[in-house]
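Laboratory data are not the source of any read-out in this text; all were calculated from the coordinates shown. For clarity, every value in this text was computed on a predicted model and none was experimentally measured. Methodologically, a virtual Cβ is constructed for each residue, glycine included, from the backbone with ideal geometry; neighbour enumeration extends over all protein chains shown.
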Amino acid sequence: MEFGGERVLDGINLYFNDKEFLTLLGPSGCGKTTTLRIIGGFLQPTSGKVLFDGKSINDVPPYQRQINTVFQRYALFPHLNVYDNIAFGLKVAKLPKEEIHQRVDEMLGVVGLKGYEHRRIDALSGGQQQRVAIARALVNRPKVLLLDEPLAALDLRLRKDMQNELKRIQQVMGITFVYVTHDQEEALSMSDTVVVMDKGRIQQIGRPEDIYNEPKNAFVADFIGESNILDGVMLADYKVKFFGRTFKCLDAGFAPNEPVDVVIRPEDIDFVPPEEGHLTGTVTSVTFKGLNYDIIVDFKGFKWLIQTTDYQPEGATVGIRLNPEDIHIMHKSEYSGMFGDYSSYSAEYDELTEDAEDEEE
Amino acid sequence: MKRNKSLLLSTPYILWMVIFTLVPLGVVLYYALTDVETGAFTVDNMSKLVRYLPAFGRSILYSLISAVICLLIGYPVAYYMTQCSPTTQRFLYMLVMLPMCMSFLLRTLAWVGLLQDTGIINNILEAIGLPRLPLIRTPAAVILGMVYNYLPYMILPLYAIIVKIDPRLIEAAEDLGCNSTKVFSKVILPLSMPGILSGMTMVFVPAVSTFYISNKLGSTETVLIGDIVERLFKQGDNPNMGAALSLLLMVLVFVCTGIINRFGGDEEGAVIV
C-alpha cells in the first residue's frame, strides 16, 4: 500500500505485509494519525494513492473498505450494550442472526468479556471498553485492523497487560495490525515492523531491533531509547574520530573524512578505572532508577548519560572504554546537533516527554 | 380577556401567566372537589368530565399532530445547525430564539391578519385572480398556529442533544459498514432520542392546553379543552368544573413528563431550555 500526502504528510511510501504487526511511531503532530485516517478512508489524500491488494481504494468510502478501526478513546456507542456494540457491524451487514450470535460470542471469548454481554458501556472500566472496541472491530474479520493509540487512556499496568493481549489476538486472528503510538517501548515490544515518523515524513522503517541498534539519524536515535550523540569524522571504513581520539567501529561505506553523528547508547558504556579509560570525565549527577543508575558524566564539557548498575558517587573521576560494537555511526541529517546532549538533563525527562506527547491531534 | 387586548399584549399578561402557573395545585384541587353552588365537597365535577371528552380528544389529536409536524420540520433544522461553524451556529440559535422573545399573542394575531377571509393571503389571491380560500377557522389553521408558536421549543432541545453527539461515533459507524443513511438511523437518530422526547413534550404540553390559538384561528368546530376551561372560568358559570378540567390536563402533563423520564433516563437533555 502506498500513498503520498501534502504538507502534513510528505512522501509517505509504505508497504504493509499480510499478517504483519506494523507500528507508526512518532511524536505528536508527526502525521501518524493522519496516515491512519487516510488508510481508514476518513481523509482523502490530496495526492498519491492508497492501494489495497494492488487496487486503488482512494475512492472507496470507509464503510466499503475491508478495514476496521479501533479509535482513540474507543468511540463505543453509548446507546447500545456490549453485545450490540460488538454485533453492530454484523447487523449492518445483515448477517443471519445465528451467525451474528456465534461470532459475537466467539469475540467475547477472544477478548475475555464473556458474561458482560448486557452491560451498559458506561458501566465498564477503561480496559473493558478497550476490549469491546477491539472486539467490535475484529468481529467483522477485516483484512487490516487500524489501532489509533488504543492504550493511551489506560494506566501503566493495564497498558502492559493489553499490549500482550493485543499481540496475542493479532497472532491468533492472523490479521494485519497497523498500530499508531507515541510510546517507543510499546512500539518496540509489539511490532514486527516499526515506522518512525516525524514532521510528516518517514524517518526509518525496520524491525524493532534494527531501529534501536541502527538508527538512521539523530531523531530516531533520540526518540527510540536514550542516546549520546556526538560529532565525529569518519576517517576510513571502520575508523571514526571523535573527542580527538580514533576509535574502531563496525560501520563502513562513508566518504573519507565525512562528518558524521556518533551514537553511543547509555547502557553500552562500562566504567573502568580512569587510567585505563579511552576517555575520562567527572560524574555530575546520579539518579537511582530502580533497575540502574542514570549517571551524567562530563567529558570535556559534553555531558553523557550512562546507565549502569555500577554506582559512582557525584564528583568522582571515571574512565570509560568503548568497544567497536558500542559505537554506531550515522550520516549527518537535519536533526544533527538537536539531540543527544544531556547538558540540560533532569531526572524527570521521561515524565516530561510523556506529558508533552499525551494527546495526539 | 378579549375586552382588553392592549393590556393583554403587554407584560402584565406575562405576569398573569406566571401567577396563574404558580397558583398551587391545592387550590385547583380544592375547587375541583367542591360544588359550585354550595362549596361542599363533591366528586360531581369529576364525573361530569365525560361531557368534554370530544374536546379532550381534539386537543390531544391536534397537539400530537403539531408535535409531529414540529419534529419533522425541526429535526432537519436542528441537525443542519450542528453541522455549521460555531459562529453560524450561534447566529442560527439566535434566529430560532428570536420569535420566542416576541409576544405569543402578537404572533397569533399576525396569523389572523394573514389568514382571515379579508386577510393578506386572500387579498393577494384575489388580486391575481384566484378565488378566496377559507383559511381561517379550520383545524389546519389551529395546527398551523400551534406549529408556528411552538417550533422553537422543538428545535432548541434537539439542537442541544445533537450537537453533543461525538463525531467519532459517526466515524466508527462508517468504519463498521454504515453508509450515511445507516449512520443516521443507527447512531444519530437513537442518540437524539432524548432531544426528540423532550422537544415533543415541550410542544405537546403547551399545545394541549392552549386556548388562544384555537380561539383566534379556530371555529366552534375546533374548540379545545383550553377554550372550555377558559369559558368556564371567564364566563363565570362554573369555575369548579374548570378546575376539574385543569386538573385532568395537569395529570396529562405529568404523564408526559413521566414518559420523558422513562425514555430519556437521567439525560440532561430532558431539561427545559
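Of the residues B:112, B:43, B:208, which exhibits the maximal mean-square fluctuation in a Gaussian network model of chain B defined by a 10 Å Cα contact cut-off?
Highest fluctuation of the listed residues: B:43.
In nm, what is the difference between 0.36 nm times the number of residues separating residue B:180 and residue B:48 and their Cα-Cα distance?
Details: separation 132, 0.36 × 132 = 47.52 nm, distance 5.35 nm.
Taking residue B:180 through residue B:48 to full extension adds about 42.2 nm, to one decimal.
Which lysines have a Cα less than 21 Å from the Cα of residue A:239, not counting those fewer than 8 places away in the same chain?
A:216, A:248, A:332
Give the Rg (one decimal place) followed by the Dmax (whole number) of chain B, computed from C-alpha coordinates and expressed in Å.
Final numbers for Rg and Dmax: 21.5, 72 Å.
Among B:228, A:197, B:251, whose Cα lies farthest out toward the positive end of the dipole of the protein assembly as shown, if unit charges sit on the beta carbon of Lys, Arg (+1) and Asp, Glu (-1)?
B:228
Considering every residue in B:181-193, what mean count of other chain Cβ atoms within 10 Å of its Cβ is obtained?
Working: counts 0, 3, 2, 0, 0, 6, 5, 0, 1, 4, 3, 0, 1.
Neighbouring Cβ atoms belonging to other protein chains average 2 per residue here.
Can you grab the distance from the C-alpha centre of the range B:32-76 to the C-alpha centre of the range A:90-156, Å, no decimals?
50 Å
Using per-residue counts of other Cβ atoms within 10 Å, averaged over each peptide, order A:110-117, B:244-251 from highest down.
The peptides rank, most packed first, as B:244-251, A:110-117.
Rg and Dmax of the protein assembly as shown over Cα atoms: what are they, in angstrom?
36.6, 120
Report the charge-dipole magnitude of the protein assembly as shown in Debye, nearest 20, computed about the Cα centre from +1 at each Lys and Arg Cβ and -1 at each Asp and Glu Cβ. Each step should come with its number before you reach the end.
Values: 56 positive and 73 negative charges, 838 e Å.
Result for the protein assembly as shown is approximately 4020 debye, rounded to the nearest 20.
Once the other residues with Cβ under 11 Å from the Cβ of residue A:257 are scored (Lys, Arg +1; Asp, Glu -1), what is the net sum? List each step's numbers first, then the result.
Details: positive: A:239, A:241; negative: A:258.
Local charge sum for residue A:257: +1.
Cα centroid distance between the range A:237-315 and the range B:189-231, in Å?
What the calculation gives is 83 Å, centre to centre.
Quote the charge dipole size of the range A:227-356 about the Cα centre in Debye, to the nearest 20; the model charges only the Cβ of Lys and Arg (+1) and of Asp and Glu (-1). Each step should come with its number before you reach the end.
Details: 10 positive and 23 negative charges, 127 e Å.
I would put it at about 600 debye.
Is the range A:227-356 rounded, prolate or oblate when judged by the Cα gyration tensor, a ≥ b ≥ c being the square roots of its eigenvalues, rounded requiring a/c under 1.5 and prolate requiring a/b larger than b/c?
Details: a/c = 2.15, a/b = 1.36, b/c = 1.58.
Oblate is the answer for the range A:227-356, as a/c is 1.5 or above yet b/c matches or exceeds a/b.
How charged is the neighbourhood of residue A:283? Take every other residue with its Cβ under 10 Å from the Cβ of residue A:283, and add Lys/Arg as +1 and Asp/Glu as -1.
Numbers: positive: none; negative: A:298, A:314.
After counting each charged neighbour, the total is -2.
Taking neighbour Cβ counts within 10 Å as the exposure measure, how do A:131, A:65, B:90 sort from fewest upward?
B:90, A:65, A:131
Work out the charge dipole of chain B with +1 on the Cβ of Lys and Arg and -1 on the Cβ of Asp and Glu about the Cα centre, then indicate which of B:28, B:215, B:57 is farthest towards its positive end.
Projecting each Cα onto the dipole axis, the largest value belongs to B:215.
Using only the Cα atoms of chain A, what are the Rg and Dmax in Å?
Here Rg and the maximum Cα pair distance are 23.8, 78 Å.
Between beta-carbons, use under 9 Å as the cut-off and find the net charge around residue A:327, counting Lys and Arg +1, Asp and Glu -1. Walk me through the intermediate numbers first.
Details: positive: A:248; negative: A:251, A:268, A:325, A:326.
With Lys, Arg at +1 and Asp, Glu at -1, the neighbours total -3.
Strictly over 31 Å apart at the Cα level, which of A:19/A:199; A:143/B:186; A:199/B:182; A:114/B:182 would you flag in this model? Intermediate results must be reported in sequence, preceding the final value.
On the way: A:19/A:199 28 Å; A:143/B:186 24 Å; A:199/B:182 37 Å; A:114/B:182 28 Å.
Where the Cα-Cα span goes over 31 Å, the pairs concerned are A:199/B:182.
Could you order peptides A:30-42, A:280-292 by the average number of other Cβ atoms within 10 Å of their residues, highest first?
On the way: A:30-42: 23.0, A:280-292: 14.4.
So the order, starting with the most tightly packed, is A:30-42, A:280-292.
Among the chymotrypsin sites (Phe, Trp or Tyr not before Pro) within the range B:185-256, which fall in a DSSP loop and have no more than 13 other Cβ atoms within 10 Å of their own Cβ?
On the way: sites: B:204, B:211, B:212, B:233, B:254; in loops: B:211.
Counting only loop positions with at most 13 other Cβ atoms within 10 Å, none of the chymotrypsin sites (Phe, Trp or Tyr not before Pro) in the range B:185-256 qualifies.
Quick check for me: using +1 on Lys/Arg Cβ and -1 on Asp/Glu Cβ, what's the dipole size of chain A about its Cα centre, in debye to the nearest 20?
Details: 38 positive and 57 negative charges, 326 e Å.
Dipole magnitude for chain A comes out near 1560 debye.
Could you point to the residue in A:280, A:85, A:342 farthest towards the positive end of chain A's charge dipole, with +1 and -1 charges on the Cβ of Lys/Arg and Asp/Glu respectively?
A:85
Residue B:216: which lysines have alpha carbons under 25 Å from its alpha carbon, excluding same-chain residues fewer than 8 sequence positions away?
B:2, B:5, B:234
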